[in-house]
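Here is the structure we will look at.
The values are calculated or read from the model by the stated rules, or taken from the named source; none is laboratory data. Note that this is a predicted model, so its numbers are computed, not measured. All Cβ positions, even for glycine, are placed from backbone atoms using ideal geometry, and neighbour counts span all protein chains on display. When the accessible area is computed, the model is the full protein with side chains, heavy atoms only, and any ligands, DNA or RNA have been set aside. Shrake-Rupley method; radii C 1.70, N 1.55, O 1.52, S 1.80 Å.
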Amino acid sequence: MASPLLLDPAQPDPDFGDLLAARPHLSMHALDGLTVEEVPLARIAAAVGTPAWVYSAGALRRRARALTGALKSAGLRGSVHYAVKANTNLAVLRVLAGEGLGADVVSEGELRAARAAGIPASEIVFSGVGKTERELRLALGEDIAQINVESAEEVEMLSALAASLGRVARIGLRVNPDVDAKTHAKITTGRSENKFGVAFEDAPALYARMAALPGLRPVGIAMHIGSQITAGMAAYRAAYARMAELATALLARGLPVEQLDCGGGLGIPYRDEPAPTPEALAGAIAATLGPLNLPVMLEPGRWIAGPPGLLLASVVLQKQGTGRRFLVLDAAMNDLVRPAMYDAWHGILPVSPRDFAAATAPADVVGPVCETGDTFARGRALPSLQPGALVAFLDAGAYGAVMSSTYNMRPLAAEVLVDGARFAVVRDRQTHDAILAGQRLPGWLTEGTQP
Ligand code: LLP
């Protein structure tokens, strides 16, 4: 199999009941239909319209606790820095901040979002292969917990900048362990040919340089080997074994190593593929890095934010094509790009109790965007659905709304947070005026002409 994201088409898909049973924040009710916590999705669609992203606060909290609990149970001193890139909605960040999670950010925008959601600067780590001087200035000004540097060039630049500002940057060195995380090629990051981190062999000398330069205080090593890792713990173990070896060597040279950033990447079962648990990850960390007795950090995004979110869409029409049935939705690749971009599989559930129980037949589920790639699923077992019928794309809380665009001049969809029996719009649907805002016609195109 080329990639675990490209699932074996010979395997039958899980049925609606299986998909539901694996997602405890979702339930099907005879009258209300598909419900998130205690809020029927039909109610949200009536109030907010579609397409809309819906997030379960309860599921976010449970998953945050599962991760922190797993570290603790494995006897590790650890902290979880949620990878903000997965879902930057301020309400989502606020829920996670309430669980004591810190943030892993990769841009000025993410740093600002984390701070706006109430995550203290002392709980924020800045990662990324191309931080600009402006971003580093902001990070130093905010005095965030740690900046993970990824190259010798960045080390020199940050040292000069911090020294000129009279600051001392706490920095981690991101090391590329050259292990194969066996995930989709577009989201693997820990191979030597990937752009991320510095080569394992170059790390000791660079770390020593970091300790010698003004304006810098090296605090540890960071590794992140890829995303949607479902192929067991072997790649993680290999990476962390290299991390242990490096940390031991640095400590033996009298260099300071205070903490170890173990990255993110924990995969989730989008279909029914086996996926590692937080306990397995914590166990792999304890087995490899435990003897060093240093605090560890995790940077998970998808594992926390993916399953709690869904994309709610309406059927525009059902179209009979040549030998196939198309379900054309009001959501498209500009909303949820993962199927078009990574051939990702997302569960699709009908929302009405009648549709949920109806006989199914294969359908191609597509959006209205003018590209064949605007296809969410092919040959998916779904009932006949009338215009206006609602469907939910599962596990869309991570890398969903954040990867949306306005392609085809389609407004960004609304976002909704459900918390028990309450729900609130946590980002308004973008208006058409807002899409056009900021565009200007230069004077030479308009002078003396009638529109
Ligand atoms: N830390 C670093 C340095 C990262 O680059 C990433 C993700 C994470 C943590 C969080 O990884 P996670 O736990 O979410 O796997 N758009 C793709 C995923 C891109 C992941 C990029 N980096 C997708 O939709 O599958």
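Sort through Ala244, Ala234, Ala249 and tell me the only one that's surrounded by fewer than 16 Cβ atoms within 10 Å (Cβ to Cβ), out of contact with any Gly (no Cβ under 6 Å at 6 or more places or on another chain), within 30 Å of Leu136 (Cβ to Cβ) and of a type in the set (A, V, I, L, M, F, W, C). Explain how you work it out, then say what you get.
Values: Ala244 fails: surrounded by fewer than 16 Cβ atoms within 10 Å (Cβ to Cβ); Ala234 fails: within 30 Å of Leu136 (Cβ to Cβ).
Only one candidate passes the filter, namely Ala249.
Determine, yes or no, whether Val95 is at pLDDT 95 or above, open to solvent by 20 Å² or more (accessible area, probe 1.4 Å) and hydrophobic (A, V, I, L, M, F, W, C).
No; evaluated as a whole, the condition is false for this residue.
Return yes or no: is Leu298 open to solvent by less than 10 Å² (accessible area, probe 1.4 Å) and assigned by TED's automatic domain parsing to the domain that holds Phe376?
no
Can you tell me which residue is nearest to Gln320 (Cα to Cα) among those in the stretch 352-375 that are assigned to a helix (DSSP H, G or I) and not aliphatic (A, V, I, L, M)?
Our first condition is that a residue be assigned to a helix (DSSP H, G or I); within the stretch 352-375, this holds for 353-357.
Subset that is not aliphatic (A, V, I, L, M): 353-356.
Numbers: Pro353: 24, Arg354: 22, Asp355: 19, Phe356: 21 Å.
It comes out as Asp355.
Yes or no: Gly323 in contact (Cβ under 8 Å) with a residue 40 or more places away in the chain and either within 14 Å of the ligand (Cβ to nearest atom) or outside the structural domain of Ile124 (by TED's automatic domain parsing) (or both)?
For Gly323, the condition - in contact (Cβ under 8 Å) with a residue 40 or more places away in the chain and either within 14 Å of the ligand (Cβ to nearest atom) or outside the structural domain of Ile124 (by TED's automatic domain parsing) (or both) - is not met.
Could you grab me the full set of residues in the stretch 334-387 that are over 27 Å from His184 (Cα atoms), open to solvent by 10 Å² or more (accessible area, probe 1.4 Å) and in contact with a Gly (Cβ under 9 Å, 6 or more places away or on another chain)?
Residues satisfying the conditions are Ser352, Pro353, Arg354, Asp355, Phe356.
Out of everything in the stretch 214-223 that is away from the ligand (no atom under 15 Å from the Cβ) and crowded, with 18+ Cβ neighbours inside 10 Å, what residue ends up being nearest to the chain's Cα centre (by Cα)?
Val219
Does Asp395 satisfy the criteria of being open to solvent by 40 Å² or more (accessible area, probe 1.4 Å), under 21 Å from Val48 (Cα atoms) and of a type in the set (Asp, Glu)?
Answer is no for this residue.
Test each condition in (1) in contact with a Pro (Cβ under 7 Å, 6 or more places away or on another chain); (2) under 22 Å from Tyr240 (Cβ atoms) for Val179 and report the one that comes out false.
Among (1) in contact with a Pro (Cβ under 7 Å, 6 or more places away or on another chain); (2) under 22 Å from Tyr240 (Cβ atoms), Val179 violates only (1).
Can you name every residue in the stretch 149-194 that is at pLDDT 95 or above, open to solvent by 20 Å² or more (accessible area, probe 1.4 Å) and touching a helix residue (DSSP H, G or I) at 6+ places or on another chain (Cβ under 8 Å)?
Scanning the stretch 149-194 gives Ala152, Met157, Leu165, Arg167, Val168.
Looking at Ala340, Ala357, which is the one that is within 16 Å of the ligand (Cβ to nearest atom) and outside the structural domain of Ala64 (by TED's automatic domain parsing)?
Criteria check complete, one pass: Ala340.
Can you tell me which residues in the stretch 172-205 are more than 14 Å from the ligand (Cβ to nearest atom) and assigned to a loop (DSSP other than H, G, I, E, B)?
Hits for the stretch 172-205 are Asp178, Val179, Asp180, Ser192, Glu193.
Kindly provide the set of residues from the stretch 312-321 that are at pLDDT 95 or above and either more than 24 Å from Ala46 (Cα to Cα) or surrounded by fewer than 20 Cβ atoms within 10 Å (Cβ to Cβ) (or both), ordered by number.
The answer is Ser314, Val316, Leu317, Gln318, Lys319, Gln320.
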